[in-house]
Amino acid sequence: MKTVVIPVDPGAPSASALAEAARVLRGGGLVAFPTETVYGLGANALDTSAVARIFAAKGRPANNPLIVHISDMTQVQQVAAEWPPSAARLAERFWPGPLTLVLPKRDTVPDIVTAQGPTVAVRVPAHPIAQALIRTTGLPIAAPSANRSTELSPTRAEHVLRGLEARIEMVLDGGPTTGGIESTVLDLTTTPPRLLRPGLIRVAELESVIGPVTQVRSLPIAAQDGPQPLPSPGMLPRHYAPRTPLECVKAGRELERLAQLLAEKRRVGWVAFADRGEVIIPSGVHLRVLPSDTVGYAAHLYAVLHELDAAGLDRLLVTLPPDSDEWLAVRDRLRRAAAI
Ligand code: TXA
Ligand code: MG
């Protein structure tokens, strides 16, 4: 299959591009599109065989449920069986935006979408192309990140092609995404609600709207292979990983580790923090510097990792950001990217 790439201006998405993409989706095909977090790989959420193609294209285990994307709150009742007051308050505050809510599912949602489980994850994306695509199609769109399972998420159309070229019908190329890491996933079927995946919306922001939220620790590695749906596959130890082995290093210890790797004749990339002051970079190290604020860091992290991953290196070192709540989501992605 040839993957068609259509450039689309996020400021004024062309009606003909949207109509073409909607035609593919209604016909059971797969279309990758930008959201404000990362690119998603969309299919008609109500079509079992279209959704099955998402799992095949990504090489995704069947026990990983998908997020269903809708264009606004009025579409919620198509997919969720309940809409508790906490959901209404969160949606009011954060939708459209990078927050995914897990709710009891309606029978109309095929079991394949929810990995046979009783709940459905729902989000209203803020990106104008995602919004326009869902509206034009008139359907709820199931969309995981548009990458092969366990690999780096895509923040540009070229990242999508790197993993999925010839496996999907179409990519809407709306340029780089702005958020850069995936949405926050919150389970509202438990009391108190549980954070299943940290993301761009922070725990403190959620708690300011609905009160205390519990956080779940990573599952043990053995839990990956079970037949039952996972509480959240974003919790798998290995995820979001470049193909090049990645290692996290505490700030201040990088030069020592670089020296060791260079002595072993390894070709090394280093993702550093902008505020580290003057350091003398050993020659031969592929250095990338990320902003020291969380928003700027998240926006560029995957693009930098994709770029270094394509450079044919032996090892990627990443300086760990501070161990504080505002860095929770970034540290979570880095920890999983480093897991073997
Ligand atoms: O920002 C995002 O969320 C992007 C864009 C495309 O929307 N999507 C994304 O999807 O990251 P994916 O499939 O890569 O991650 C979906 C996360 C997984 O951690 C999965 O466990 C969780 O959502 N999830 C989906 N359905 C669930 C459910 N019914 N119960 C619990 N967790 C669920
Ligand atoms: Mg993903």
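In the range 38-58, which residue that is within 13 Å of ligand 1 (Cβ to nearest atom) and in contact with a Lys or Arg (Cβ under 9 Å, 6 or more places away or on another chain) is nearest to Glu158 (Cα to Cα)?
Kept after step one, since they are within 13 Å of ligand 1 (Cβ to nearest atom), are these residues of the range 38-58: 38-43, 45, 51, 54-55, 57-58.
When the remaining residues are screened for being in contact with a Lys or Arg (Cβ under 9 Å, 6 or more places away or on another chain), the result is 39, 41, 43, 54, 57-58.
Working: Tyr39: 10, Leu41: 14, Ala43: 20, Ile54: 19, Ala57: 16, Lys58: 16 Å.
That would be Tyr39.
Report whether or not Leu133 is surrounded by 24 or more Cβ atoms within 10 Å (Cβ to Cβ), among the aliphatic types (A, V, I, L, M), away from ligand 2 (no atom under 16 Å from the Cβ) and at pLDDT 95 or above. Talk me through it step by step, then tell me what you get.
Numbers: surrounded by 24 or more Cβ atoms within 10 Å (Cβ to Cβ): yes; among the aliphatic types (A, V, I, L, M): yes; away from ligand 2 (no atom under 16 Å from the Cβ): yes; at pLDDT 95 or above: yes.
Yes: the conditions hold for Leu133.
Can you confirm whether Asp107 is of a type in the set (Asp, Glu), more than 30 Å from Pro176 (Cβ to Cβ), in the same structural domain as Ile141 (by TED's automatic domain parsing) and touching a Gly at 6+ places or on another chain (Cβ under 9 Å)?
No: the conditions fail for Asp107.
Report the residue count in the range 275-301 for those that are under 25 Å from Ala329 (Cα atoms), among the aliphatic types (A, V, I, L, M) and in contact with a helix residue (DSSP H, G or I) (Cβ under 8 Å, 6 or more places away or on another chain).
3
Among the residues of the range 237-246, are any of a type in the set (A, V, I, L, M) and without any contact (Cβ under 8 Å) to a residue 60 or more places away in the chain?
no
Do we have Pro125 as buried (at least 23 other Cβ atoms within 10 Å of the Cβ), within 22 Å of Val24 (Cβ to Cβ) and away from ligand 2 (no atom under 16 Å from the Cβ) here?
No.
Find the residue count for the range 302-314, including only residues that are open to solvent by less than 70 Å² (accessible area, probe 1.4 Å) and either touching a helix residue (DSSP H, G or I) at 6+ places or on another chain (Cβ under 8 Å) or part of a loop (DSSP other than H, G, I, E, B) (or both).
Filtering the range 302-314 for residues open to solvent by less than 70 Å² (accessible area, probe 1.4 Å) gives 302-306, 308-309, 311-314.
From what's left, either touching a helix residue (DSSP H, G or I) at 6+ places or on another chain (Cβ under 8 Å) or part of a loop (DSSP other than H, G, I, E, B) (or both): 302-303, 305-306, 311-314.
Count: 8.
Between a first residue in the range 264-292 that is free of Cβ contacts under 8 Å to residues at least 40 places away in the same chain and a second residue that is in a loop (DSSP other than H, G, I, E, B) and open to solvent by 80 Å² or more (accessible area, probe 1.4 Å), which pairs have beta carbons less than 6 Å apart while being 6 or more apart in sequence or on different chains?
Ser292/Asp275
Within the range 171-269, which strands (runs of 3 or more DSSP E) (wholly inside it) include 2 or more residues that are within 21 Å of the chain's Cα centre (by Cα), away from ligand 1 (no atom under 12 Å from the Cβ) and at pLDDT 95 or above?
Details: elements: 184-187, 194-197, 246-249.
Answer list for the range 171-269: 246-249.
Exactly one of these conditions fails for Ala81: (1) within 13 Å of ligand 1 (Cβ to nearest atom); (2) open to solvent by less than 40 Å² (accessible area, probe 1.4 Å); (3) aliphatic (A, V, I, L, M). Give me its number.
Checking Ala81 against (1) within 13 Å of ligand 1 (Cβ to nearest atom); (2) open to solvent by less than 40 Å² (accessible area, probe 1.4 Å); (3) aliphatic (A, V, I, L, M), the one that fails is (2).
One residue is enough: does the range 285-301 have a residue meeting the conditions in contact with a Ser or Thr (Cβ under 7 Å, 6 or more places away or on another chain), buried (at least 18 other Cβ atoms within 10 Å of the Cβ) and farther than 14 Å from Val249 by Cα?
For the range 285-301, residues in contact with a Ser or Thr (Cβ under 7 Å, 6 or more places away or on another chain), buried (at least 18 other Cβ atoms within 10 Å of the Cβ) and farther than 14 Å from Val249 by Cα: present.
State whether one or more residues within the range 103-119 are buried (at least 20 other Cβ atoms within 10 Å of the Cβ), within 17 Å of Pro192 (Cβ to Cβ), at pLDDT 95 or above and within 16 Å of ligand 2 (Cβ to nearest atom).
No, that holds for no residue.
Which ones in the range 270-286 are assigned to a strand (DSSP E or B) and either among the β-branched types (Val, Ile, Thr) or more than 16 Å from Leu320 (Cβ to Cβ) (or both)?
Val271, His286
The values are calculated or read from the model by the stated rules, or taken from the named source; none is laboratory data. None of the values given here were measured: they were computed from a predicted structure. Counting neighbours? That spans all protein chains shown, and the Cβs are built from the backbone with ideal geometry, glycine included. Heads up: the accessible areas ignore ligands, DNA and RNA and are worked out on the full protein's heavy atoms, side chains in. Shrake-Rupley method; radii C 1.70, N 1.55, O 1.52, S 1.80 Å.
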